[in-house]
C-alpha cells in the first residue's frame, strides 16, 4: 500500500471564530477523516487565525506558501 502524507490547514477569518472553537472543531473533523483513509498519515498541521481568505490573496498568506 502506498502511504499518502497529508497536511491540513485550519483557518478562521475572524477573531469571533477563534472564541467559538472553530479551529479545534476543524482539527477533530480532519483527523477523524484521515484516520478512516487507508494509508493516509497526517504529517503537518497549519493554522491561520483571523486571516480572511477573501481579503488576502493566496500569495500573501504565509501558510499557503
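In table form, for the structure just shown:
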read-out	value
Some residue of segment 19-26 being modelled with pLDDT under 65 and either touching a helix residue (DSSP H, G or I) at 6+ places or on another chain (Cβ under 7 Å) or loosely packed, with under 15 Cβ neighbours inside 10 Å (or both)	yes
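Yes/no matrix, rows are residues, columns are (1) in a helix (DSSP H, G or I); (2) in contact with a strand residue (DSSP E or B) (Cβ under 8 Å, 6 or more places away or on another chain); (3) at pLDDT below 95:
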position	(1), (2), (3)
1	no, no, yes
42	no, yes, no
54	no, no, yes
59	yes, no, yes
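The values are calculated or read from the model by the stated rules, or taken from the named source; none is laboratory data. All figures in this text were calculated on a predicted structure; none of them were measured in a lab. Glycine gets a Cβ as well: all are built from the backbone with ideal geometry, and neighbour counts include every protein chain shown.
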